[in-house]
Amino acid sequence: MNIAVSTTEGAKPLELKEITTSAAWRGDVLSKGDSWVYMLSDAQIAELEVLGARFVEADPDLRYVQKEEYPLVECAEAVKEWGRDVDSGRGFVLVRGLKTHLYSDALSAAIYYILGLHMGDPIRQNEKGDLIDSVYATSDKTMDDPTAKSSKVRDYLVFHSDSSDVVSLMCLRPAKEGGASCLVSGAEIYNEILRRRPDLAPLLFQPYHWDWRRQDKNAPADTYTSPIIDLTDGVFSMYAGSLYILTAQEYEGVPKLSPEQIEVLELFDKITYEPGMAIEMDFRPGDIQWLSNYAALHARTTFYDYPEPQRRRHLLRLWLSRQGDRPVIDGFGKNGVVQVRHKPREGQTVDDQGFFRIKDAPVPRLLADHG
């Protein structure tokens with residue numbers, strides 16, 4: 001099925017057809033095998049343990065340390081492979097084998113940060129400047145409470161994208177029950193729309209207004225614009241989240257959505273949650289998930305914790321920039337002010353209060369409302 005659509009005035013029309021690369025997958029098929037799991041070898045684990053111990057001993061400032069200071073040999077080709085999986089493959093990979101149950105949290109975080117430096121450049125995750133964030137429940141709020149922070153509650157999370165090129169999670173300790181990571185392929189959602197409603201598919205390439213203010217109270221404008229789908233150089237990229245398209249309609253001057261645009265947004269969300277579309281994975285201690293925000297949406301099931309604080313579900317999270325590794329049109333995705341790791345973003349006068357030392361970085365902030 002080929003459909004011609006022009007994405008910008010004067011541009012050569014795209015021939016829309018189903019995505020047949022590994023970026024398009026169904027969870028019920030992918031979960032039958034383990035091609036998405038990379039098992040570290042003994043030599044790779046040993047290298048990371050040595051580098052991690054040196055990192056802890058040196059105690060560098062996380063804002064300024066460079067990957068060249070911690071070069072990889074045994075893991076060098078593996079990191080390239082993970083990058084290809086994220087950028088031009090299925091969009092994610094789960095790395096398994098680290099013995100975090102034997103490590104201090106500082107050593108685990110050091111290994112994770114070293115790999116993060118080789119996978120991209122860490123960016124700030126909050127106004128304090130934290131580069132490693134803890135996904136650790138400090139509140140019993142549910143996500144229907146507008147003050148709830150998704151990384152600090154046990155509630156189910158809907159499918160969404162994060163504010164980075166790559167989002168990564170490392171499991172220090174899993175939940176007593178639940179807390180599965182759920183991923184769904186953007187390319188397969190697109191394929192399903194093309195199969196069912198080829199008349200609506202071209203609308204995904206149109207620019208939409210997104211609610212910037214609700215995503216970021218310090219945003220420089222109420223909205224920004226981006227299409228939902230991009231196919232630069234034939235590489236599929238997705239930027240999804242109909243909630244923020246719909247709430248952007250509340251701002252003065254934002255063009256009203258057409259009935260057809262509303263219809264394609266509803267169809268996109270419907271397909272996302274259909275049985276068999278998503279893959280679920282239960283994290284084991286030491287697991288690291290690398291995920292492209294352009295390739296897949298992610299969610300989480302509700303989880304139940306152990307009563308002891310030191311046994312509770314605890315993941316570490318990195319947001320990475322991989323600019324230049326995926327071709328996209330200018331302005332695709334969230335046009336956020338760059339959150340470089342070595343300084344607050346432009347216009348912010350708040351002093352750095354982040355955890356910039358590796359012994360502090362994996363310690364959860366126990367205030368439920370930290371941001």
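The values are calculated or read from the model by the stated rules, or taken from the named source; none is laboratory data. Just so it is clear, the structure is predicted and the values come from calculations on it, not from any experiment. Glycine gets a Cβ as well: all are built from the backbone with ideal geometry, and neighbour counts include every protein chain shown.
List of remarks:
- Cβ-Cβ distances below 8 Å connect the following pairs, each with a first residue in the range 348-364 that is under 20 Å from Val65 (Cα atoms), a second residue that is in a loop (DSSP other than H, G, I, E, B) and at pLDDT below 80, and a separation of six or more residues or different chains: Asp352/Pro344.
- Filter result (among the β-branched types (Val, Ile, Thr) and touching a strand residue (DSSP E or B) at 6+ places or on another chain (Cβ under 6 Å)) within the range 14-41: Val37
- Residues (in a strand (DSSP E or B), farther than 21 Å from Val254 by Cβ and charged (D, E, K, R)) located in the range 196-241: Asp230
- Only one of the numbered conditions (1) under 24 Å from Phe283 (Cα atoms); (2) touching a Phe, Trp or Tyr at 6+ places or on another chain (Cβ under 6 Å); (3) charged (D, E, K, R) is not met by Glu47, and that is (2).
- Test: residue in the range 276-296 that is under 21 Å from the mean Cα position of the chain (by Cα), modelled with pLDDT under 90 and in a loop (DSSP other than H, G, I, E, B): no
- Subset of the range 299-318 (residues that are of a type outside the set (Lys, Arg) and modelled with pLDDT under 95): Ala299, Thr301, Thr302, Phe303, Tyr304, Asp305, Tyr306, Pro307, Glu308, Pro309, Gln310
- Inter-residue pairs, beta-carbon under 6 Å, first on the phi > 0 side of the Ramachandran plot and in the range 161-187, second surrounded by fewer than 23 Cβ atoms within 10 Å (Cβ to Cβ) and not charged (D, E, K, R), 6+ apart: Gly178/Thr301; Gly178/Thr302; Gly178/Phe303; Gly178/Tyr304; Gly179/Phe303
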